[in-house]
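Just below is one structure, and these are the notes that go with it.
The values are calculated or read from the model by the stated rules, or taken from the named source; none is laboratory data. The structure presented is a predicted model; accordingly, all values stated were derived computationally and were not measured. Counting neighbours? That spans all protein chains shown, and the Cβs are built from the backbone with ideal geometry, glycine included.
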Amino acid sequence: MTRRLVFEGAYVATVDAAGSEFAAGHVVVDDSRIVAVGDGPAPEWAGRASGDVTVERIDARGRLLTPGLVNTHHHLYQWLTRGIAQDSILFDWLVALYPTWARIDETLVEAGAEAGLSVLAKSGCTLAADHHYVFPAGSGDILGGIVRAAARVGIRLHGTRGSMDLGRSAGGLPPDFAVETTSAALEASAVAVEKYHDASPDAMTQIALAPCSPFSVTSDLLREAAVLGRSLGVRLHTHGSETVEEDAFCQERFGKTPTQYLDDLGWLGDDVWMAHSVHLDEHAIARFGSTGTGSAHCPSSNARLAAGIAPIPQLLAAGAPVGLGVDGSASNESGQLGTEIRQAVLMNRLRAGADGFSVRDGLRIATIGGARVLGRDADLGSIEVGKLADLALWDVSGVEFAGLVDPVAALGLASMPPVAGLFVGGDRVVTDGRLTTVDEVGVAEAAARATTELLGRV
């Protein structure tokens, strides 16, 4: 039996290569894939039900239909430590929070992840990359808890098995009790891929390897993780060039910029994406472009921690993949991805000028750009025939948008529209701003209890 969805009357922003948009368009979905896109009403055949086809028609007038948003960088466990160290730069913020994070466990992280993923879904996100790198001894299967939370909420997860093996006594930033041995981190990374990674095109869960950062990971772990990840056919992720302090650390310890250091260890390539990429010189931007190295742009978090403004227009001009990211909820307490489109547009104009970064540039990095960063652009990130039906339907009929001549500007310049519908592979996750998959009140209560328990352990 084929389940067919027929969207009609929407302003459709396909984000395809040509930037096709339809002021009153249609999209037809059979099961999990898009089978028709275009202007005007849907084809007559799309509305015909039969013994083999059920049809649900969706009146999308007054709505903006876009690809589902892709979050390329998050730390879901940090939902449990929001509002702490509010006026700190990154290094001081990390030092303040490491002792608390070292007391997390599988149960607490699962509760926090479910809350974080719920907020992502309610802000238009259908695929989230999570960077988890804190694994206290005896804490259980933390990655498994995150995978379960994503399955309940119903959005795709690109989870990472992160790691730290450079403690303070060896010159790193994290306390010694918060790090693993190099061999243990590598062994656990291989197990995570074997246990949770699905390489199929319609996968709900994929895994990457993600040593945390140059100031929390040894050169050996970075080098060996790159070799391991490539041997297993998974992507690689780390933090890179986030702050001036990180740049100074790499210059003092290695005599290189973060990009030069990572490049020498095999950490540039079209299977790699960096979080932040704020402090890149011209050489680094050129290397990102020539190697196809991706970046997760996290404008709100970068502003919250006073890290700086990433050179996103320059990276795009160089041909480097760029996606949008929320970052951890302890450095971006809203946890919403939809609002980051506006943040990206406004922040990048501070560097590039009023015409240097458009609202459609913002939507593009939030959708197809993020899919490219995560290696899923063949199946996700745009509304095209044959692609998976990961779709966000935004309600732009309210008074907040009355008279707005361009519906896409609702995402890039105005307040974030309510999500009238979120679909992952054609399955509903959000209807009229409410999750259909989990009990929001129960999720909120569980996360609040987990926060109280975690803080009580410190």
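Give the residues of the stretch 1-55 that are closer than 17 Å to Asp390 by Cβ and among the acidic types (Asp, Glu), sorted by residue number.
Selection gives Asp16, Asp30, Asp31.
From (1) more than 29 Å from Leu120 (Cα to Cα); (2) in a strand (DSSP E or B), pick out the condition that doesn't hold for Gly172.
It is condition (2) that Gly172 fails.
Looking at the structure I just gave you, is Val95 among the aliphatic types (A, V, I, L, M) and not assigned by TED's automatic domain parsing to the domain that holds Gln336?
So Val95 does not fit the description; no.
Please find, within the stretch 416-442, the residue that is surrounded by the most Cβ atoms within 10 Å (Cβ to Cβ) out of those that are small (Gly, Ala, Ser), more than 17 Å from Glu8 (Cα to Cα) and in contact (Cβ under 8 Å) with a residue 40 or more places away in the chain.
Gly425
Can you confirm whether the stretch 304-312 contains a residue that is assigned to a strand (DSSP E or B), touching a Pro at 6+ places or on another chain (Cβ under 8 Å) and closer than 16 Å to Gly369 by Cβ? So that I can check it myself, show each step before the final result.
Kept after step one, since they are assigned to a strand (DSSP E or B), are these residues of the stretch 304-312: none.
Within the stretch 304-312, none of the residues are assigned to a strand (DSSP E or B), touching a Pro at 6+ places or on another chain (Cβ under 8 Å) and closer than 16 Å to Gly369 by Cβ.
Inside the stretch 317-349, can you point out the residues that are of a type in the set (Ser, Thr, Tyr) and in a helix (DSSP H, G or I)? Spell out how you get there, then give the answer.
Kept after step one, since they are of a type in the set (Ser, Thr, Tyr), are these residues of the stretch 317-349: 329, 331, 334, 339.
The one that is of a type in the set (Ser, Thr, Tyr) and in a helix (DSSP H, G or I): Thr339.
Please return the ranges of strands (runs of 3 or more DSSP E) entirely within the stretch 28-123 where 1 or more residues are touching a helix residue (DSSP H, G or I) at 6+ places or on another chain (Cβ under 9 Å) and under 28 Å from Cys212 (Cα atoms).
69-71
Which ones in the stretch 265-292 are of a type in the set (Val, Ile, Thr) and over 18 Å from Asn348 (Cβ atoms)?
Those that are of a type in the set (Val, Ile, Thr) and over 18 Å from Asn348 (Cβ atoms): Val272, Thr291.
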